[in-house]
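Reviewing the structure listed below.
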Amino acid sequence: MTRLLYVQGVPIWRNVVALRWIVQIVSAVVVLSTIALFLLNVAREIEARDIPFGFTFLDRAAQIPIGEAVIPYDPSDSYLYGLLVAGLNTIRASVLGVILATAIGILVGVARLSPNWLLSRIALVYIEVFRNIPLIVQLLFWLTIVLTLPKVAEGYVIAESIFINNSGFYMPWFEAQNGFWPWALITAIGVVLAVYAFRGLNRRETETGQQSYPLLAAAVIAIGLSLVALLILRPLAIDIPQVEGRFGRLQGGAQLSGSFLALLVGLVVYTSAFIAEIVRAGIQSVGKGQTEAARSVGLSGMLTLRHVTFPQALRVIIPPLISQFLNLTKNSSLAAAIGYPDLVSVANTMTQIAPAISLFMIVMVSYLSMSLLYSLIGNLYNRMIRFKAA
Amino acid sequence: MAETNGVQAAVDIPADKAEILARPLEERDDIVVCENVHKWFGDFCAVRDVSMRVKRGEVVVIFGPSGSGKSTFIRMINRLEEHQQGRIVIDGIEMTNDVRNLDAIRREVGMVFQQFNLFPHITVLGNITLAPQRVRHMPRSEAEALAMQLLERVGIPEQAQKYPAELSGGQQQRVAIARALAMQPQIMLFDEPTSALDPEMIKEVLDAMRELAATGMTMLCVTHEMGFAREVADRMAFFDEGALVELGPPDQIFNNPQEDRTKLFLDQIL
């Protein structure tokens with residue numbers, strides 16, 4: 001009977017393979033039963049205490065105002081549509097934030113390594129100041145700055161088209177006309193052609209050694225085609241903000257609200273300080289010997305950066321960079337504190353009437369999918385550029 | 001020199017080099033001129049008042065205790081270190097702060113490092129073709145043909161498509177030699193090229209260097225391979241505490257050193 005407890009002639013409690021399996025199974029059981037316990041508890045309490053739950057409310061009219069929206073919104077629209085509007089606000093702030101924070105972070109990180117003493121010190125101060133103050137403090141600070149601007153009626157007006165006041169920043173923007181979609185199509189075709197031209201000329205340059213200016217040619221094709229189409233089709237009109245009505249409200253143009261600006265500046269400045277450190281560390285991780293070898297075969301500083309230092313630094317930079325993108329996206333939920341109607345802020349308002357558990361489950365799933373999407377893109381890119389061997 | 005190293009039979013020597021090799025050393029022109037060169041790191045004087053002239057096609061082995069300034073000295077010859085006093089002229093080009101002069105000098109001078117410093121993210125072939133393609137604007141087919149020819153010469157053409165990390169130390173160092181040669185330099189600098197290698201790989205690198213010397217390449221080698229020095233060097237330079245203590249043919253250095261410090265050091269290492 002005891003032979004059953006033997007695997008390959010070794011007692012099960014001394015067999016490495018068996019032990020490995022036992023540990024796996026025990027931990028799986030512990031984890032799964034904890035989760036089950038939690039879920040069952042929640043389900044029981046929801047029923048016992050009559051806590052509202054379910055997703056049927058999503059079709060009903062939300063009846064709450066949302067301060068700003070990328071797509072048209074009215075309080076009579078449904079909860080689901082309201083959440084979509086709020087989600088787009090989150091995406092607007094975080095995508096713009098990621099782009100700006102990356103650009104500024106790279107500049108500051110490279111400046112930090114500059115042999116220019118002053119530039120390097122300025123970058124150092126920037127990094128240390130913005131990295132070490134809590135984000136919520138920075139957001140409230142930027143909001144305060146915006147709120148100290150004059151009122152709408154007394155605000156700054158530049159060239160009768162740009163308005164800056166305590167309700168935000170207003171500037172002329174484009175308005176799509178009839179020919180917009182044909183123009184957009186032509187521009188897209190231009191970009192595709194430019195990419196092909198760039199690749200072709202780049203290949204020609206490496207194959208034949210003749211200077212072929214791929215970047216210049218690509219830019220001329222893409223911009224040229226788009227400009228010509230722009231002149232012929234006239235797809236865009238310029239919409240200038242106008243003062244309207246008794247209270248002097250501003251209408252038209254591009255409107256960036258005060259809280260949006262405060263959120264964007266706060267997120268960008270805070271995250272770019274971290275990105276700058278990541279970029280600095282990445283560049284420094286490439287040994288001095290690499291630069292020396294590149295210089296000694298005659299590569300110039302720019303060529304060394306492009307072909308030797310940067311490709312190697314990128315492998316170190318990408319993973320922590322993606323994690324900063326995730327941080328920025330999640331941190332954008334602090335918008336609730338400064339009155340920007342992002343997903344969390346709007347969902348929180350909705351809980352006054354609609355079931356909170358359902359709403360926050362939706363919010364959590366939304367953030368999770370945004371983050372996973374970023375991770376997926378980042379990992380794919382990382383796999384593309386990893387070392388082929390080693 | 002061709003007579004002293006005794007391995008020239010197997011290699012073909014380009015016509016211009018053959019002409020130079022045909023003349024005795026004394027009648028050739030100076031390709032490297034250093035006059036009263038100094039270099040400090042902070043308060044520490046790394047190179048002290050060094051003057052040296054190297055003839056075209058000459059092989060100079062530089063040796064001395066660690067920290068004697070020998071590496072710093074050859075690194076100044078392609079401006080990886082800046083000299084702070086004195087004058088350096090490479091093949092008629094004055095080493096000034098003029099970027100154009102520095103680029104020209106770096107194209108004249110190839111370098112091989114102790115730690116190989118191959119580019120880990122590109123293949124062996126890519127390592128060799130990068131500079132000819134990007135700096136000399138050589139067509140890819142031509143650059144690759146040149147690279148293959150150089151890999152044949154150092155004996156590892158079959159490794160062309162591999163990445164540096166897949167190669168042994170000795171193979172990596174031979175790729176590094178091929179990479180430096182791809183820019184067709186007039187002068188080659190070797191900074192302790194065999195010090196990071198396992199003993200069984202030292203010979204293959206020294207063989208590649210011997211072959212290179214036989215083709216009339218001007219070489220400055222920092223190395224402690226005294227067998228190689230005795231066999232290949234035209235002159236040997238002994239550095240100590242940043243100064244050039246003694247400079248002379250191997251025969252003089254090994255059998256009749258003029259300076260006590262040279263004798264003392266050789267007694268320690270031989």
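Given (1) away from every other protein chain (no Cβ under 12 Å); (2) more than 30 Å from A:Leu201 (Cβ to Cβ), identify the lone condition not met by B:Gln149. For B:Gln149, the exception is condition (2).
Based on what the data block shows, is B:Arg48 open to solvent by 10 Å² or more (accessible area, probe 1.4 Å), touching a strand residue (DSSP E or B) at 6+ places or on another chain (Cβ under 7 Å) and modelled with pLDDT under 95? Spelling it out, B:Arg48 is indeed open to solvent by 10 Å² or more (accessible area, probe 1.4 Å), touching a strand residue (DSSP E or B) at 6+ places or on another chain (Cβ under 7 Å) and modelled with pLDDT under 95. Of all residues in the stretch A:199-211, at least one satisfies being in contact with an Asp or Glu (Cβ under 8 Å, 6 or more places away or on another chain) and either at pLDDT below 80 or of a type in the set (D, E, K, R) (or both). For the stretch B:237-251, the tally of residues that are outside any helix (DSSP H, G or I) and farther than 17 Å from B:Ser66 by Cβ stands at 4. Quick check: anything in the stretch B:68-82 part of a loop (DSSP other than H, G, I, E, B), in contact (Cβ under 8 Å) with a residue 40 or more places away in the chain and away from chain A (no Cβ under 14 Å)? Yes, the stretch B:68-82 contains a residue that is part of a loop (DSSP other than H, G, I, E, B), in contact (Cβ under 8 Å) with a residue 40 or more places away in the chain and away from chain A (no Cβ under 14 Å). May I ask you to list the residues in the stretch B:111-144 that are within 7 Å of chain A (Cβ to nearest Cβ), buried (at least 20 other Cβ atoms within 10 Å of the Cβ) and in contact (Cβ under 8 Å) with a residue 60 or more places away in the chain? If the condition is that a residue be within 7 Å of chain A (Cβ to nearest Cβ), buried (at least 20 other Cβ atoms within 10 Å of the Cβ) and in contact (Cβ under 8 Å) with a residue 60 or more places away in the chain, then B:Met111, B:Phe113 are the ones that fit. For the stretch A:56-68, filtering for residues that are in a helix (DSSP H, G or I), loosely packed, with under 13 Cβ neighbours inside 10 Å and touching a strand residue (DSSP E or B) at 6+ places or on another chain (Cβ under 9 Å) leaves 1. Does any residue of the stretch A:212-234 turn out to be of a type in the set (Ser, Thr, Tyr), closer than 30 Å to B:Met138 by Cα and not in a helix (DSSP H, G or I)? The answer is yes; a qualifying residue exists. Answer yes if at least one residue in the stretch A:369-387 is hydroxyl-bearing (Ser, Thr, Tyr), closer than 30 Å to B:Pro120 by Cα, modelled with pLDDT of 90 or more and part of a helix (DSSP H, G or I), and no otherwise. Taking every residue of the stretch A:369-387 in turn, none turns out to be hydroxyl-bearing (Ser, Thr, Tyr), closer than 30 Å to B:Pro120 by Cα, modelled with pLDDT of 90 or more and part of a helix (DSSP H, G or I). Please work out if A:Ala111 is closer than 19 Å to A:Gly282 by Cα and either crowded, with 21+ Cβ neighbours inside 10 Å or not hydroxyl-bearing (Ser, Thr, Tyr) (or both). Spelling it out, A:Ala111 is indeed closer than 19 Å to A:Gly282 by Cα and either crowded, with 21+ Cβ neighbours inside 10 Å or not hydroxyl-bearing (Ser, Thr, Tyr) (or both).
Within the stretch B:198-216, the set of residues being under 22 Å from A:Ala294 (Cα atoms) and open to solvent by 10 Å² or more (accessible area, probe 1.4 Å) comprises just one member, B:Ala208.
When you scan the stretch A:223-237, do you find a residue that is away from every other protein chain (no Cβ under 14 Å) and closer than 30 Å to B:Arg134 by Cα, even just one? So far as the stretch A:223-237 goes, yes, one or more of its residues are away from every other protein chain (no Cβ under 14 Å) and closer than 30 Å to B:Arg134 by Cα. The residues of the stretch B:96-132 that are in a loop (DSSP other than H, G, I, E, B) and modelled with pLDDT under 90, listed by number, are B:Thr96, B:Asn97, B:Asp98.
Residues of the stretch A:284-320 that are over 22 Å from B:Val109 (Cα atoms), in contact with a helix residue (DSSP H, G or I) (Cβ under 6 Å, 6 or more places away or on another chain) and open to solvent by less than 30 Å² (accessible area, probe 1.4 Å): A:Val286, A:Ala313, A:Ile317, A:Ile318.
Of the residues making up the stretch A:69-88, those that are part of a loop (DSSP other than H, G, I, E, B) and either in contact with a helix residue (DSSP H, G or I) (Cβ under 7 Å, 6 or more places away or on another chain) or open to solvent by less than 30 Å² (accessible area, probe 1.4 Å) (or both) are A:Ala69, A:Val70, A:Ile71, A:Tyr73.
The values are calculated or read from the model by the stated rules, or taken from the named source; none is laboratory data. Fair warning: this is a prediction, and the values are worked out from it, not measured in the lab. In this analysis, Cβ positions are derived from the backbone assuming ideal geometry, glycine residues included, and neighbour counts consider all displayed protein chains. Only protein heavy atoms, including side chains, enter the accessible area calculation; ligands, DNA and RNA are left aside. Shrake-Rupley method; radii C 1.70, N 1.55, O 1.52, S 1.80 Å.
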